[in-house]
Every structure is written in structure tokens, then in C-alpha cells.
Amino acid sequence: MASYDMRFACAFLDLTPQQRLSHIIDTTFPDWHRHVNEGVNLVYDNACSMIQSVTEKIFGVDPEAPVPEGAEGESFSIVSSRLALPIETGHDQFNPDAGAFAPPGTLLGAARPFLFMFETAVRAMSSEDAAFEPRFLLPQTEEERRALGNCYGEVFSVQLRFWTQDLADYPARLVAFRETLAEFPDVFIAEKVFHAPLRKPLRFRLKHKEPFDEVETAVTAIAIGRTLAPQV
């Protein structure tokens, strides 16, 4: 876990949920592309380091940027391990594995408390086979959601996927995804298509020393999110 100047978080939070999702896609695609071709190392420490870097880029963290006068002292934290966010969303597999937060109004807390949950960051970087589960973006019970919303001024929870369009079941997968979303009218969505040279075969494997062929591939990038505000 590391701390950063709060103004970087505020710049992200000032975007609409739709804009945030679009920004997340644009920011993370180069990392996804690189990790596909180089091979993703899912050794725990390496995975955490990878996601730490990805999340820093989402927030546009610039360690060299000067702190504006009068803004010293207020910070937010980025985490890259689900162990740092012990929040149950209803299914072990979909508990947050990355994110950021500013503690709510205490003497050391931020004037703008928030919680950002990036729930499947490692899977987005290491799999082409992971399904969306909008129900697990937030805790399942009303009591848990109320407690979370009342603790933080704003909660924004995201799932991210990159689906290569040369998957055999890509059309059916996309149809099933859209049907699932119909059950959750409060879910925000951003979708973009990229084209990039990806290694073939052996995608999403550890890096091999032998040469591999690349093929220009269409990639559908999708991010979904749900928000939660304080509840009475």
C-alpha cells in the first residue's frame, strides 16, 4: 500500500462514472497488450507490483508534480492486494484485488472520502476467459451496502475485461454479457475496440525464450461499474 497526493484522486473522481470507465480502458490497454505478449507472471509479489503500477496510471499519479500551496497533507492510498480491502462482495473469486481509498472524516482523513474497487484487475491482465459478474461489484446484502456507503462518501466498483475477437465463442460471449447487463440497470458501461499485434499461440503464458509469431487482432475492451453513495 502506498500514499499519494489527494489531488490525483480528485481529478479522477471529478469525471462521470462513464468517463472514468473510458479512461480506465484507455489507460490499461497498453499494459494488457504488453503483458499478453511478454507473459503474465502471477507470482504474488509480481502480480501485486503489476497492479500497483496499473492503478497508479489510472489515477495519473505523478511523483514529481509539485504540491499546490495549501494542499499539503491530504492523501489517498492505492492498494494492490485483496488482503488490504477486506470487503466481501458475495463470492471469494470477485473480492477486490486492487483499488484506492481515502479514509472518511477523521483528523487524518480526507475532506473527500472515497473507495475505488478494481475487482478483477489481475484476471483482466491474465485471462481471456473470465466472465463478468455485475452482481459482485458491490456487497450482496442491503446492510453491507449501507454500511459501506455510509463509511465512504462515494464507492466506485469496477470490473474490466479485454476479449480478443478471435475467440471461438466471442459472439456468444458478447450476447450473454449484454443479456446479463439487462438485469442490472444501474451498471455503467464503456466499450472500445482496439487492434494490436498479439502473440499466437501461447497467449497469457509465462514468457518463453523461443520466438513467437504475432497476428494483428481485434480486441474488445469492456469496463463496467457501479456506484454507491451514503444511504439513510
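Would you mind getting me the FRET efficiency between residue 227 and residue 178? Use the beta-carbon distance for r and R0 = 22 Å, nearest 0.05. With R0 = 22 Å, the Cβ-Cβ based efficiency is 0.60.
What is the distance in Å between the Cα centroid of region 160-174 and that of region 3-36? Taking the Cα centre of region 3-36 as reference, the centre of region 160-174 is 23 Å away. May I ask you to list the residues of region 1-34 whose amide nitrogen lies under 19 Å from a point 7 Å from Cα along the Cα→beta-carbon direction of residue 77? Hits in region 1-34 for residue 77 at 19 Å: 1-10.
Using a Förster distance of 25 Å, how high is the FRET efficiency between residue 193 and residue 16, based on the Cβ-Cβ distance and rounded to 0.05? Write down the numbers at each step before the final one.
Working: r = 21 Å, r/R0 = 0.86.
Computed FRET efficiency for residue 193 and residue 16: 0.70.
Please work out the FRET efficiency for the pair residue 2 and residue 27, using the Cβ-Cβ distance as r and a Förster radius of 25 Å; give the result to the nearest 0.05. Rounded to the nearest 0.05, the efficiency is 0.90.
Since every read-out is calculated from the coordinates, none of them should be taken as a lab result. These numbers come from a predicted model, not from an experiment. Methodologically, a virtual Cβ is constructed for each residue, glycine included, from the backbone with ideal geometry; neighbour enumeration extends over all protein chains shown.
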